[in-house]
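**Q** Sharing a structure, written as structure tokens. Questions coming.
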């Protein structure tokens, strides 16, 4: 982490510099890559102003605060910076998760614009989830159950193979069978 402290209209003291550096190093917990921090401390008449700018990758976070005491100004500006960093990181995390969900595991960004938006919009979505009990029966009994019901499919456990099967009504009026095997 690269930190530069500038003093304007005041004496540069090592205590104040070390206090600022200690406060800025606490922000390092949010990042695992290099961050640049530039802090300007100035006094104008009775106002003590702390102006901080952080460069994080391509983003900049800036905060300014003033009070009657320089240490208080530094504390307040650090509180503002931490709040902005939390918001920035949560937005980035939400954006990343949203893109991963939209592209179903294919995370492509082209200049910050998701190139698969149209594909994600045209994909069908699951609107209803239904839990069915898989009853043990043979294929003939399942076909007879399908004939008696108005449903388009029936999930059952094949009594001979002990695997889950699905029998479904085809568009031509016949029945189809899906046999799931565990390997």
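Every number in this text was worked out from the coordinates using simple rules, so none of it is lab data. Keep in mind that what you see is a predicted model, and the values were worked out from it rather than measured. Because the Cβ atoms are built from the backbone with ideal geometry, glycine has one as well, and the counts that use them run over all protein chains shown.
**Q** Counting DSSP beta bridges with both partners in region 135-179, what percentage is antiparallel, nearest 5? Before the final figure, lay out each step's value.
**A** Details: 10 of 13 bridges.
Antiparallel bridges make up about 75 percent of those DSSP assigns within region 135-179.
**Q** What percent does the relative contact order of region 135-179 come to when contacts are Cα pairs within less than 8 Å and at least six residues apart?
**A** Dividing the mean separation by the residue count of region 135-179 yields 32 percent.
**Q** To the nearest 0.05, what FRET efficiency results for residue 150 and residue 129 with a Förster distance of 25 Å applied to their C-beta separation? Could you put the intermediate results ahead of the total?
**A** Details: r = 21 Å, r/R0 = 0.83.
E(calc), rounded to 0.05, equals 0.75.
**Q** At a Förster distance of 30 Å, what's the computed FRET efficiency of residue 84 paired with residue 4, Cβ-Cβ distance as r, to 0.05? Spell out each step's value before the answer.
**A** Numbers: r = 19 Å, r/R0 = 0.65.
The calculated FRET efficiency here is 0.95.
**Q** In addition: What translational diffusion coefficient, to the nearest whole µm²/s, does region 36-98 have by Stokes-Einstein, given a Kirkwood radius computed over alpha-carbon pairs, a temperature of 10 °C and 1.306 mPa s viscosity?
**A** Diffusion coefficient, whole number: 126 µm²/s.
**Q** Still on this structure: How long is region 135-179 along each principal axis, judged by its Cα atoms, biggest number first, in Å?
**A** For region 135-179, the Cα spread along each principal axis is 28, 18, 13 Å.
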